[in-house]
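The structure under discussion appears below in the form of structure tokens.
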Amino acid sequence: MLSVQAAWDVLHRVPDPEIPVISVTDLGIVRSVVLAGDTLRVRITPTYSGCPATEHIERSIKEALTTAGASAVQLERVLSPAWTSDWMSEAAKQKLKDFGIATAACVINFGPSREVAPEAVPAPVFPITWHKPAQVNCPRCNSPRTERLSEFGSTPCKSMYRCLVCAEPFDFFKPI
Amino acid sequence: MPTDFKYVLHLADNSLIFSQRLSEWCGHAPALEEELALANIALDTLGQARLLLSLAGQLEGAGRDEDALAYQRLEHEFLNFTLCELPNTDFAHTIVKGVMFTAWQALLWQAVQTADNAPAELKAIAEKSAKETRYHLQHFGGWLVRLGDGTALSQGKAQAALNYLWNYKNEWFRAAPSAPFLQLAPVTENQWLALVQPILDQALLKTPADTPFVSQGKLGQHSEHMGHLLAPMQYIARSYPNAVW
């Protein structure tokens, strides 16, 4: 049988299938771990509705916990509160930067592309200049002179940018 | 049958059919970046559809899951707006459809979150979908501005698409006495115009005149295009029922 603390230790080592340098806990995907009798109840939240990695992550979590000694694992998907890139830990943002992926930590100016304040609900505020991309520092050379190449990059959650100084392309985790 | 079930099914079908049409751009988009964008928007929307279909199945309580609802229903049982099933035609049509539909969705998700009588799970789906729809509207809106305020050719095509598609919105804002479930979280035409009009203005496009035309997709009465959309979507599942990967 696996304790809650031991379960978290295991989960800290379950990598995101697309970005192996970070774990599912770094991303804030695991919301809670509770021991109910013999069963470990793990609540997780998907990042994007259509994220193709969600089922893979669920299988990885179940496998990792079972291998580590959990007698029974029950996964529950929760949608609310909705996942936000704000739940990414600072450590995760640093690991991503070292890996060459930019996050909110590299943003100079979100511009109108940043989410509008929560108090905008229910009155919608969609400024029409919101098709301007966020200004992002290069995660490799830190130069502010970068440009966005594509709104969607290697995965739906990331955009593709390139640095005009060191000439390297990089992905940017879109704020959501 | 609880009225919530049909409402959630209507929302699910809007997302499912819109996604299915958009995914037809795979391999045919005008540029690689657009290939990714349209496919990913279709994927996000399909994710919404899956969540909504699963919820609809639960509310119905007749044992139908997302697959049964997506693959085993006949044409007249789908409750999506007719706009969603219209063929892609050309890039301008796709972009205009995208602006019209995702603007409606953006307002819908907000209305659902604040509706008194919406189920909690539906509110959770709305909360999540709202963030993604914002990016979709951003993409389609940005493109409409580039097309409208572009060359004479792109503006001509964008205006032609707008003229053709505009009155398919009438269905969204007209009450249907035979379908009271559709009043659960109403989005008004004024709210929608407040969102869409500034985009049309910036795109230098003329707002078409309203006509009395009202499409009937939400009542299960679809255009001639619906069958052609469903056939490839459902063919494999119907040929091999109960097959598993």
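The values are calculated or read from the model by the stated rules, or taken from the named source; none is laboratory data. Here the structure is a predicted model, which means the values were calculated and not measured. So basically every Cβ, Gly included, is an ideal-geometry build from the backbone, and we count neighbours across all protein chains shown. What goes into the accessible areas is simple: the full protein's heavy atoms, side chains included, and nothing from ligands, DNA or RNA. Shrake-Rupley method; radii C 1.70, N 1.55, O 1.52, S 1.80 Å.
Some values worked out for this structure:
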{"item": "Within the stretch A:78-93, considering residues that are exposed (fewer than 14 other Cβ atoms within 10 Å of the Cβ) and closer than 27 Å to B:ARG134 by Cα, the one nearest to the other protein chains (Cβ to nearest Cβ)", "result": "A:PRO81"}
{"item": "Unique match (being away from chain B (no Cβ under 14 Å) and either in contact with a strand residue (DSSP E or B) (Cβ under 7 Å, 6 or more places away or on another chain) or open to solvent by 50 Å² or more (accessible area, probe 1.4 Å) (or both)) among A:ALA64, A:ALA102, A:ALA36", "result": "A:ALA102"}
{"item": "Failed criterion for A:LEU65 (all others in (1) without any contact (Cβ under 8 Å) to a residue 60 or more places away in the chain; (2) in a helix (DSSP H, G or I) hold)", "result": "(1)"}
{"item": "Test: residue in the stretch B:198-218 that is within 14 Å of chain A (Cβ to nearest Cβ), open to solvent by 20 Å² or more (accessible area, probe 1.4 Å) and at positive phi", "result": "yes"}
{"item": "Top-ranked residue in the stretch B:168-187 [being open to solvent by 70 Å² or more (accessible area, probe 1.4 Å) and part of a loop (DSSP other than H, G, I, E, B); ranked as farthest from the other protein chains (Cβ to nearest Cβ)]", "result": "B:SER178"}
{"item": "The stretch B:1-27, residues that are free of Cβ contacts under 8 Å to residues at least 40 places away in the same chain, assigned to a helix (DSSP H, G or I) and open to solvent by 20 Å² or more (accessible area, probe 1.4 Å)", "result": "B:SER23"}
{"item": "Filtered residues of the stretch B:141-161 (kept if part of a helix (DSSP H, G or I) and either without any contact (Cβ under 8 Å) to a residue 40 or more places away in the chain or within 14 Å of another protein chain (Cβ to nearest Cβ) (or both))", "result": "B:GLY141, B:GLY142, B:TRP143, B:LEU144, B:VAL145, B:ARG146, B:LEU147, B:GLY148, B:ALA152, B:LEU153, B:GLY156"}
